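Note sheet for the following structure.
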Amino acid sequence: MLKLKRNNNFSLNWRAVSFVLAVLVISALACKEEAPPPRIEAQRPVAIPTGPQTVTVPQPTPGAEGLLLGEFEIEYRYDPYGKIDPFEPFLLVEGPGVEPENPLEQSDVNDLKLVGLIWGIRDPRAIVVDPSGKSYVVRKGTRLGRNEGELIGIYKDRIVVLEKIRNLEGDVVKTNKIDLKLEELGGGR
């Protein structure tokens, strides 16, 4: 039998060559030069004219009068008439010139609860509770809610509040009628 003898020198040489090639590739990638950043050239300073300057307006060529639609007006003046004041708040928290007279005007009408009615007298009254739990006796004409609501009617089972919705200029745009129904407190037989 013929035995082939392995040459370890060949495999050792191949390993050495591949190691050297790997080191060269890695060093080449690490030392790769990047393109230099673009150069920014300095601009010349521009002379700023001082004093009055004359502006020349190009004149139309003869026979081209039909192409010019009108004269150019160089001067502009702002006319604030009929425009909204840009320095007024965008949203009005309170109506214009309306200060809350009572604590019931600091919450929405729908947040109030009607818990009692005094009925059958010449001047009927109602008992409402605000969101904090405090109760108030109200009558016709009492202001309720943030939108200048006014109590306009007291009935056997409800009260009616009329609200005014205003735009940014303060003009009344819309009115809402809101019915607050009497809530049953429970425990009844």
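Derivation of every value follows stated rules applied to the coordinates shown; laboratory data play no part. From a predicted model like this one, the values you see are computed outputs, not experimental measurements. With ideal geometry, Cβ positions are generated from the backbone for all residues, glycine too; neighbour counts draw on all protein chains shown.
Details
- Distance (nanometres) between label positions extended 7 Å along Cα→Cβ at Ala30 and Lys177: 8.9
- Dipole in debye (nearest 20) - region 103-181, about Cα centre, beta carbon charges: Lys, Arg +1; Asp, Glu -1: 360
- In this structure, the residue pairs whose Cα-Cα separation is over 22 Å, taken from Lys134/Lys177; Lys156/Lys177; Lys83/Lys177; Lys113/Lys177, are Lys134/Lys177; Lys83/Lys177.
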